[in-house]
Amino acid sequence: MNNSTDHLAVLPKCHEPVDIIREDEGFVLVAKPPGLLSVPGRNRANYDCVLARLQLEYLNASMVHRLDFDTSGIMVVARHKRAHAAIARQFEQRETRKTYTAVVAGRLDQDSGEIALPIAPDKQQRPRYKVCELTGKPSLTRYKLLNYDAVANVSRLELYPVTGRSHQLRVHLSAIGHPILGCQFYAPEAIRDAAPRLLLHATELQFISPDDASNVCGRVECPF
C-alpha cells in the first residue's frame with residue numbers, strides 16, 4: 001500500500017502517463033501506472049514520480065497517501081494544505097474505503113474472510129516487511145473471492161485493507177500461502193514469473209470531499 005521501497009538503484013523510466021480521473025478545487029484523482037514511484041526516490045536519479053509529474057500542472061500538489069512502485073490504480077492528491085489535512089485525517093482515522101484487485105496463487109479455503117497478522121520491517125532484508133508477533137503493528141485485511149481459475153490454479157480477489165501498513169496486502173497474502181502473481185519480494189520464483197507485473201491494482205477509493213463534504217468515489221478499472 002504505502003510506497004516504502006527505498007529504491008537506491010536507478011529505476012527504469014516509466015513511459016506510461018498519470019491520467020487525471022477527476023479534478024476538484026481541493027484535490028485530483030489520478031490513475032497511477034505500475035512501475036512509477038508515488039514520490040521521489042532516495043536516489044536523485046529517481047525523481048520521476050506521480051507527485052513530480054502533477055506538480056508541473058498543480059504547483060501546490062501534495063501526496064496524501066502512496067501506492068507501491070509496482071502497484072497501479074486510483075490515488076487522491078491534494079491541491080492545497082487545507083485539503084491535504086482534511087483528507088489525510090480520514091486516512092489516519094480509517095474513514096476512507098479502499099478496494100484492491102489481486103490475482104493470487106491457489107484457491108483460498110474460504111470465499112471471504114480476513115487476515116489479521118502484525119507487520120514489521122524486515123531489517124535483515126530491506127526493503128521487505130514481515131509478519132512479527134513481537135515487533136509488528138496490528139494489521140487487518142479483508143478479502144472476497146471473485147473467481148477461481150482451476151486450470152491456472154489462481155484466484156482473483158477483492159481486497160479491503162482496514163489498516164495501511166507498508167506492503168500489507170503482499171505480506172498478508174504471502175503469509176497465508178497465496179502470494180500475489182508477479183510479486184518480486186514475497187512470491188516464489190515460479191509465481192513471481194507467472195505474470196509480467198505485480199497483479200495488484202487499487203480499484204476504488206472512497207472519501208469525503210474537503211470542498212463540499214460530498215461523498216467521493218474514484219474508480220480505475222483493473223487492467224489485468
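Every number in this text was worked out from the coordinates using simple rules, so none of it is lab data. None of the values given here were measured: they were computed from a predicted structure. Cβ placement follows ideal geometry from the backbone for every residue including glycine, while neighbour counts extend to all protein chains displayed.
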Scanning region 193-208 residue by residue, those of a type in the set (Asp, Glu) and assigned to a loop (DSSP other than H, G, I, E, B) turn out to be 193
Per the list (1) buried (at least 19 other Cβ atoms within 10 Å of the Cβ); (2) within 14 Å of the chain's Cα centre (by Cα), residue check on residue 163 breaks on (1)
If we keep only residues of region 124-156 that are aliphatic (A, V, I, L, M), farther than 17 Å from residue 181 by Cα and surrounded by 14 or more Cβ atoms within 10 Å (Cβ to Cβ), then the residue farthest from the chain's Cα centre (by Cα) is 131
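Looking at this structure, is residue 51 assigned to a strand (DSSP E or B), within 30 Å of residue 210 (Cβ to Cβ), in contact (Cβ under 8 Å) with a residue 24 or more places away in the chain and not basic (Lys, Arg)?
Details: assigned to a strand (DSSP E or B): no; within 30 Å of residue 210 (Cβ to Cβ): yes; in contact (Cβ under 8 Å) with a residue 24 or more places away in the chain: yes; not basic (Lys, Arg): yes.
The answer is no for residue 51.
For region 177-192, which residues satisfy the criterion of being outside any loop (DSSP other than H, G, I, E, B) and touching a helix residue (DSSP H, G or I) at 6+ places or on another chain (Cβ under 6 Å)? Before you say what the answer is, go through the steps one by one.
To start, the set of residues in region 177-192 that are outside any loop (DSSP other than H, G, I, E, B) comprises 180, 189-192.
Correct list: 180 only.
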With the first residue restricted to region 183-205 and required to be at negative phi, and the second required to be among the polar types (S, T, N, Q), Cβ contacts under 6 Å at 6 or more apart or on different chains are 186/174; 200/71; 201/72; 201/101; 203/99; 203/101; 204/99
Note on region 206-224: residues touching a residue at least 24 places away in the same chain (Cβ under 8 Å) and under 14 Å from residue 156 (Cβ atoms) are 222, 223, 224
So, first residue closer than 24 Å to residue 182 by Cβ in region 101-118, second residue among the β-branched types (Val, Ile, Thr) and not in a strand (DSSP E or B), Cβ within less than 7 Å, six or more apart or across chains; the pairs are 105/191; 115/176
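Counting only residues that are among the hydroxyl-bearing types (Ser, Thr, Tyr) and part of a strand (DSSP E or B), which one in region 73-123 is nearest to the chain's Cα centre (by Cα)?
If we filter region 73-123 for residues that are among the hydroxyl-bearing types (Ser, Thr, Tyr), which is where we start, we get 96, 99-101, 112.
Then keep just the ones that are part of a strand (DSSP E or B); that gives 99-101, 112.
Details: 99: 10, 100: 8, 101: 10, 112: 20 Å.
The qualifying residue nearest to the chain's Cα centre (by Cα) is 100.
A quick yes/no check of all residues on (1) of a type in the set (A, V, I, L, M, F, W, C); (2) surrounded by 21 or more Cβ atoms within 10 Å (Cβ to Cβ); (3) over 19 Å from residue 197 (Cα atoms):
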{"site": "17", "(1), (2), (3)": "no, no, no"}
{"site": "23", "(1), (2), (3)": "no, no, yes"}
{"site": "45", "(1), (2), (3)": "yes, no, yes"}
{"site": "52", "(1), (2), (3)": "yes, no, yes"}
{"site": "85", "(1), (2), (3)": "yes, no, yes"}
{"site": "94", "(1), (2), (3)": "no, no, yes"}
